[in-house]
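S.K.: For reference, the structure I am asking about is given below.
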Amino acid sequence: MINVIPRPKLVVNTIVLRYEGGMSQPLVPTQRDLLVETGARIFHERGYTATGVRQVAAAADVPLGSFTNHFRSKERFALVVLEHYVARLDGIMDATLHDASQPPAGRIQAYFDAIGYALGEHNWGVGCLIPDLATETPAHSELLRGALVQVLERQTTAFAGVLHEMAQPGDADDLAAVLLAAWHGTLLRMKVERSSVPLARFRRTLHRLLLA
């Protein structure tokens with residue numbers, strides 16, 4: 001059986017977020033933009049530890065000197081890549097979780113569907129940079145560990161805000177944290193299996209949970 005993630009109204013492009021029926025035109029990227037975009041892609045494909053700054057510069061077709069002019073270290077570069085990636089997720093949250101015209105359950109489902117559809121375009125081999133970095137960096141970088149903690153707390157708060165409309169306040173906070181952890185675990189398993197099955201399982205379970 002082939003599990004298909006339905007096409008959502010919002011889909012993710014490598015440069016910009018676009019909506020069906022129209023696409024915004026991206027600005028001409030600077031060398032810094034190219035480095036950050038390329039770094040995000042290579043971190044997704046190879047991981048943080050296996051990625052070198054020379055590799056990023058070469059893949060971006062940018063002189064190595066430009067990299068060192070913009071970023072003091074690989075660690076600082078990874079922090080900027082993470083911020084860039086999270087800003088993209090914030091855009092998806094704004095278009096889904098914060099869409100007051102939709103019921104709470106539909107907003108939560110729309111967020112996961114938007115990301116799930118984009119992952120299918122990469123044959124399930126690219127997951128989420130947040131759990132990817134979380135499995136590699138906390139033991140080696142206090143800077144990145146602290147940034148990841150802040151991101152997770154902020155995302156948990158965003159989900160809790162929607163869940164508050166569906167559950168008791170105390171339950172919503174705990175449920176948001178568990179939901180986000182389950183999602184990140186699902187994405188890691190998806191990458192290992194190179195399959196949509198974990199996403200389909202998550203989607204079915206989420207549907208039952210939201211209807212409970």
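S.K.: Looking for whichever is under 20 Å from Ile42 (Cα atoms) and of a type outside the set (A, V, I, L, M, F, W, C) here; the options are Thr135, Thr186, Thr157. Which one fits?
M.R.: It is Thr135.
S.K.: While we're looking at this one, here's another question. Right, His122: surrounded by fewer than 20 Cβ atoms within 10 Å (Cβ to Cβ) and farther than 18 Å from Gly47 by Cβ or not?
M.R.: no
A quick yes/no check of all residues on (1) crowded, with 16+ Cβ neighbours inside 10 Å; (2) touching a Leu at 6+ places or on another chain (Cβ under 9 Å); (3) at pLDDT 95 or above:
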site: Gly146; (1), (2), (3): no, no, yes
site: Ala172; (1), (2), (3): yes, yes, no
site: Leu180; (1), (2), (3): yes, yes, yes
site: Leu187; (1), (2), (3): yes, yes, yes
site: Arg201; (1), (2), (3): no, no, yes
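S.K.: Going through the range 94-103 one residue at a time, which ones are assigned to a helix (DSSP H, G or I) and free of Cβ contacts under 8 Å to residues at least 40 places away in the same chain?
M.R.: Within the range 94-103, Asp94 is the sole residue that qualifies.
S.K.: Here's a follow-up. Identify all residues within the range 155-178 that are part of a helix (DSSP H, G or I) and touching a residue at least 40 places away in the same chain (Cβ under 8 Å); write none if there are none.
M.R.: Scanning the range 155-178 gives Gln155, Ala158, Phe159, Gly161, Val162, Leu163.
S.K.: Provide a single number: the residues in the range 86-119 that are in contact with a Leu (Cβ under 8 Å, 6 or more places away or on another chain) and not aliphatic (A, V, I, L, M).
M.R.: Result for the range 86-119: 9.
S.K.: Right, another one. Which of the following residues is modelled with pLDDT under 95, polar (S, T, N, Q) and surrounded by 16 or more Cβ atoms within 10 Å (Cβ to Cβ): Thr137, Thr156?
M.R.: Of Thr137, Thr156, the one residue that is modelled with pLDDT under 95, polar (S, T, N, Q) and surrounded by 16 or more Cβ atoms within 10 Å (Cβ to Cβ) is Thr137.
S.K.: Which residue out of Gly106, Gly91 is surrounded by fewer than 20 Cβ atoms within 10 Å (Cβ to Cβ), more than 15 Å from the chain's Cα centre (by Cα) and in a helix (DSSP H, G or I)?
M.R.: Of Gly106, Gly91, the one residue that is surrounded by fewer than 20 Cβ atoms within 10 Å (Cβ to Cβ), more than 15 Å from the chain's Cα centre (by Cα) and in a helix (DSSP H, G or I) is Gly106.
S.K.: Sticking with this one: Scan the range 101-111 and tell me whether some residue there is at pLDDT 90 or above and touching a strand residue (DSSP E or B) at 6+ places or on another chain (Cβ under 8 Å).
M.R.: Yes, that holds for at least one residue.
S.K.: Consider the range 117-147. How many of its residues are in a helix (DSSP H, G or I) and closer than 16 Å to Lys74 by Cβ?
M.R.: 9
S.K.: For the range 154-212: of the residues being small (Gly, Ala, Ser) and under 16 Å from Leu97 (Cβ atoms), which is farthest from the chain's Cα centre (by Cα)?
M.R.: So the residue we want is Ala167.
The values are calculated or read from the model by the stated rules, or taken from the named source; none is laboratory data. Just so we're clear, the structure is a prediction, and the values are computed from it rather than from any experiment. Cβ sites come from the backbone with ideal geometry, for glycine too, and all protein chains shown count toward neighbours.
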